[in-house]
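First up is the structure itself, then whatever we jot down about it.
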Amino acid sequence: MTWALAVILLWPSMLWASLQLDVGRLQLAGLSAQGTVLFLDGQAGWLRIATLEVAGRQWRGVRLDCPRLRLNDGRVDCRDASIAGVPELADARLELAFSTTTRTANVTVRFAGGGRVVVALGPGEAIKADLAQLPLALAARLLPDLARWQALGTVSGRVRLAGARLDAELHLAGGGFADAAGTHAAEALVGQLQLGATRRDGAWRWQAELAWTAGGVFWDPVFVPPGVSLQANGVLDTRQLSVDALRLQAPGVDAVTGRAVIDRAGPRLMEADMSVHRADLAVMVPQFALPMLAPAQAERWQVAGWADATVQWRDGRLQAAELTLDQAGFAYLGQRFRVGPLSGRLPWHRADARAGRLAVDGLHWQKLDFQPFALEVAVDQGVVSIRPARLPVLDGAIIIDTLTLARTDTDWRGEGSFFMEPVSMRALTRALDLPEMAGTLSASMPGLVVTPQRIGLDGALILAVFDGYVQATGLEVVEPFGLLPRLRANVVAEHLDLAQLTETFSFGAVSGFIDLSLADLQMAAWRPLRFEATVRSTPGDYPRRISQRAVEHITALGGASASAAIQRSFLQFFNDFGYREIGLACRLVRGVCHMQGLEGGGAQSAPFTIVRGGGIPALNVIGYNRRVDWEELIARIKAAVASDAAPVIK
Amino acid sequence: MNIQWKAALVVALLSATLAQAQSNLEVNTPAISAVKSSMAQRHAQLAPLYASGAVGLKADGSLAIHDANAVPLAQRGKLNALVAAENNDRSALYREIAAANGHPEWADDIRRTFAQRWIDKAPAGWWVESHGGWARK
């Protein structure tokens, strides 16, 4: 403590009991007062300071009023004092005690809203401060930018500065903050900070321990629960803050460790090596990743397993990163789509290509289970390429020929090609709980494009079924990860054996072959929105018979009473009939199927031929209703299939 | 005003909006039914949020968080998710109605029409956004 007593002027005033002392400049640990004048008047007094500086902050025209002042044996005691000119202490009551013999000072500040600070300025550079339930809102008085955060809570603890050593132990209770919209807020925070620092050669070497034990923080869009502890040490100088070692523990992660260098100008993270050890994906992904990446679908994803991660930051930017997955699993929409357990590592480096590998022990879509497979991955800056891979499913496989995923300006985009080793329809239909069919499914897709908005497939999906084939081209799924995935395709089928088809779907018995075209098919949530469908007998020479049951079903599609005509005629005595041609078209628009028969278009009320008879006995099936509600038609088909018992012949 | 009553009101509002709108807004397709059903299910969760002012109706036919302070801190992430999911559905609804009319390019007009109707029909006490900013009806 140094006294720079520039001028001491003893001024015998008109009132002998009054005394004015021009102290000039006063300097204590961390405090400097210039133009200081002390005025004493019996039991009271005041101190005027032209310029006061404490810890780098400056106030002008400060006046300290002491209504109860005692001067005794080199001690100055000032009780119940108030201070003007320091807005931060406007509502505070002060007690000051100063000893000229020990050169120590004690200042107690009591704030009107509660909270007390006791500061002891000792000899040398020693400062002790004890804080008791100091409202955090007071911080806004020192830092006006904080005012909009509506800080809550109190801080208690102690700070000791002795020469080159600083120790602090602070407890926060009932802490909180909120911005006006409530999108960045905290409530009921309880925590403590222990800080120790030693100053040497103009730099502070520090160690800190922080424990956050209660309360929560919402930082849009992430909610962070308590239970976080942090230990760190490093060096702070005028240029940078170095964190030499850091260890953080939090719910859902064993530990985060690392080091970092922060440039104080900015401030900017210049260098860092961070490692995440054994993060529980079931906790971390819903808490951090999904709210940021897919908030609308956050509840649709289930995640399990563990992950380790490392991040290298150099020269102010990300240099390298690596993600290691251990038994990770992802499920979308309940169990409709599941991947996992998935293990392996995915590295990334700013400058070089890196190779990674993922072992996928399970991939399930609906009821289709893929057998385990491995993906070899090359990560070259922003592009992930998957090496050719074989994904076995049932008795065949999907072969990924090429697949690359790359970041775009706004999103990501995948491109590639794949084909299928034939899967037997018998195994596929069994796996999907469909009526069992013979045949094979294969695909050749030379052009696959995947973006978050669209999956496009150039090429063809081919089903060899019912002695013919079905080919789907122009396949496109719009918003595949959205609430309502939409499928578009053009489907053609040739030479489907009606005998196998009708037997499979229990629709009576029809012999012969049909060709089918389903143009401009659009589906949402697996329900058709629109298409233009035509079914025609395949040209050629082959036996064509249709059973009475099949006729019943076809006519039943036109309405409940349509089949009655057969049963009233002599035709009821025949089990099957010859036919020359079958033809039906349906253009689905806005839930209504607009039908045409073999003749093509016609007036709304004109009957149309669905089955043209031939041979003996011959039978024509005529449709009368060209507009049929799609939902009703589906219900009738289901009813017809369900009731495929022998018709009652009356 | 209890929550159930409000939920019923808004479901009715949705139907009334569709029913009273021009004929091309009445169109129904499987996709539109799916979206409407998803919105109706979500409404029970949204109704108290409209009433408390946490969520408001925007002039562009979407929802926005008006005052997250009205929701407990730990629920605010869920609030975000609800608003995002509802806005996804609403965009899908406008798009599907336009598509069902055979005019995908009408989606923006349909969105504006709905936006105005949502705001007109909102009960007193709800927050709505106009060109002048947020206001309580």
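No value in this document is a laboratory result; all are computed from the given coordinates. All values derive from a computational prediction rather than experimental measurement. Cβ atoms come from the backbone with ideal geometry, glycine included; neighbour counts cover every protein chain shown.
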The ratio Rg/Rh over the Cα atoms of region A:433-539, Rh being the Kirkwood inverse mean 1/r radius, stands at 1.02
Per the Kirkwood definition applied to all pairs of different Cα atoms, how many angstroms is the hydrodynamic radius of region B:37-128?
13.7
In square nanometres, what is the average projected area of the Cα convex hull of the protein assembly as shown?
45.5
Percent of alpha carbon pairs in region A:379-439 separated by more than 16 Å?
59
How large are Rg and Dmax for region A:336-383 when only the alpha carbon atoms are used, in Å?
13.3, 42
If one compares the long axis through the Cα atoms of helix A:630-642 with the longest principal axis of the Cα atoms of chain A, the angle in degrees, nearest 10, works out at 60
If you wrap a convex hull around the C-alpha atoms of region A:466-642 and split its volume per residue, what is the figure in Å³?
124
Per-residue mean of other chain beta-carbon atoms within 10 angstrom of the beta-carbon, peptide B:68-74?
6
Compute the relative contact order of region A:34-75 as a whole-number percentage, counting only Cα pairs closer than 8 Å that sit 6 or more residues apart in sequence.
35
Taking all pairs of distinct Cα atoms, average 1/r, flip it, and tell me the Kirkwood hydrodynamic radius of region A:50-110 in Å to one decimal place.
12.4
What number, in percent, do you get for the relative contact order of region A:53-109 if the mean sequence gap of Cα pairs under 8 Å and at least 6 apart is divided by its residue count?
26
Loop chymotrypsin sites (Phe, Trp or Tyr not before Pro), region B:80-116, which have at most 14 other Cβ atoms in a 10 Å radius of their Cβ (DSSP):
none
Any chance you could tell me what percent of the C-alpha pair distances in region A:290-382 go past 21 Å?
45
Among the Cα-Cα pairs of region A:20-155, the proportion with separation greater than 23 Å, in percent, is 34
Check: C-alpha center region A:485-502 vs C-alpha center region A:353-387, spacing in Å is 32
Defining a contact as two alpha carbons under 8 Å apart and six or more residues distant in sequence, what relative contact order in percent does region A:466-642 show?
16
Using R₀ = 41 Å, calculate the FRET efficiency as 1/(1 + (r/R₀)^6) where r is the Cβ-Cβ separation of A:Asp315 and A:Glu125; round to 0.05.
0.60
One finds, for A:Arg587 and A:Gln371 with R0 = 41 angstrom and r their Cβ-Cβ distance, a FRET efficiency to the nearest 0.05 of 0.45
Please report how far the C-alpha centroid of region A:168-218 lies from that of region B:76-137, rounded to the nearest whole angstrom.
41
Sum -39500 (n - 2.57) across every DSSP H segment of at least 4 residues in the protein assembly as shown, then divide by the residue count to get the 222 nm mean residue ellipticity, nearest 500.
-5000 deg cm²/dmol
